[in-house]
1. Can you say whether SER71 is open to solvent by less than 60 Å² (accessible area, probe 1.4 Å) and away from the ligand (no atom under 16 Å from the Cβ), as far as the supplied structure shows?
2. Taking segment 119-147 on its own, how many of its residues are away from the ligand (no atom under 16 Å from the Cβ), in contact (Cβ under 8 Å) with a residue 40 or more places away in the chain and not basic (Lys, Arg)?
3. Here is a list of conditions, (1) touching a Lys or Arg at 6+ places or on another chain (Cβ under 9 Å); (2) surrounded by fewer than 19 Cβ atoms within 10 Å (Cβ to Cβ), and THR81 meets all of them except one; can you say which number that is?
4. When segment 27-68 is examined, which residues are found to be aliphatic (A, V, I, L, M), touching a residue at least 40 places away in the same chain (Cβ under 8 Å) and open to solvent by 20 Å² or more (accessible area, probe 1.4 Å)?
5. What is the residue count in segment 73-103 for residues that are under 20 Å from MET17 (Cβ atoms) and touching a strand residue (DSSP E or B) at 6+ places or on another chain (Cβ under 8 Å)?
6. Restricted to segment 74-95, and to residues that are away from the ligand (no atom under 16 Å from the Cβ) and in contact (Cβ under 8 Å) with a residue 40 or more places away in the chain, which residue is nearest to the chain's Cα centre (by Cα)?
7. What tally of residues in segment 1-26 results from selecting those that are farther than 30 Å from VAL60 by Cα and open to solvent by 90 Å² or more (accessible area, probe 1.4 Å)?
Amino acid sequence: MPLSDRSAQISALYQEMILDHYRRPRNKGELEGADASVAMKNPLCGDEIYLHVAFDGDAVRDLKFTGRGCSISQASASMMTQLIKGKSAAEIEPLRDRFRDMVMGKADASEDASLGSLRSLSGVAKFPARVRCALLAWNALETALAERSG
Ligand code: ZN
């Protein structure tokens, strides 16, 4: 099949994944016994993310989010919570860097299987105004981790 058809299929699949997470967000809600709750807003788009994190030593034992906003911001938060749950700060850091690389348009990052479903957000790189939407939950996570380590 021609490359352009394949790439159109992938982008349709990615669009479907984003809408699925937007309509049925995973890990959305309050988190009982959260150690950190971070509010992060993107006034350019009107997105709000409240990230609630429970730690176990150096690892994120559990995390949930509340808030509202565009499909990119909410899908990114939903997919991020799935990927990050149970991981240590040392494991999270390279994933965050890869995700940031991807939405900034580094082509090899969008091929990185370690990002899982988050790769569906690779198209954001073509829309600079949406990059902040995609990074909102990750910035909240970074703040929560920084608070944890003091
Ligand atoms: Zn947005």
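The values are calculated or read from the model by the stated rules, or taken from the named source; none is laboratory data. Note that the structure is a prediction, hence the values are computed from the model and not measured. Here the Cβ positions follow ideal geometry from the backbone for every residue, glycine too, while neighbour counts run over all protein chains shown. Side chains included, ligands, DNA and RNA excluded: accessible areas come from the protein's heavy atoms. Shrake-Rupley method; radii C 1.70, N 1.55, O 1.52, S 1.80 Å.
1. It is false that SER71 is open to solvent by less than 60 Å² (accessible area, probe 1.4 Å) and away from the ligand (no atom under 16 Å from the Cβ).
2. 7
3. Result: THR81 passes all but (2).
4. ALA39, MET40, LEU44
5. Adding up the residues that qualify gives 7.
6. Step one: of segment 74-95, the residues away from the ligand (no atom under 16 Å from the Cβ) are 81-95.
Then keep just the ones that are in contact (Cβ under 8 Å) with a residue 40 or more places away in the chain; that gives 81-82, 84-85, 89, 92.
Working: THR81: 7, GLN82: 9, ILE84: 9, LYS85: 12, ALA89: 15, ILE92: 12 Å.
If we take residues in segment 74-95 being away from the ligand (no atom under 16 Å from the Cβ) and in contact (Cβ under 8 Å) with a residue 40 or more places away in the chain, then THR81 is nearest to the chain's Cα centre (by Cα).
7. We begin by selecting, within segment 1-26, every residue farther than 30 Å from VAL60 by Cα; these are 1-12.
Restricting the remaining residues to those that are open to solvent by 90 Å² or more (accessible area, probe 1.4 Å) gives 1, 3, 6, 9.
Residues flagged as farther than 30 Å from VAL60 by Cα and open to solvent by 90 Å² or more (accessible area, probe 1.4 Å) within segment 1-26 amount to 4.
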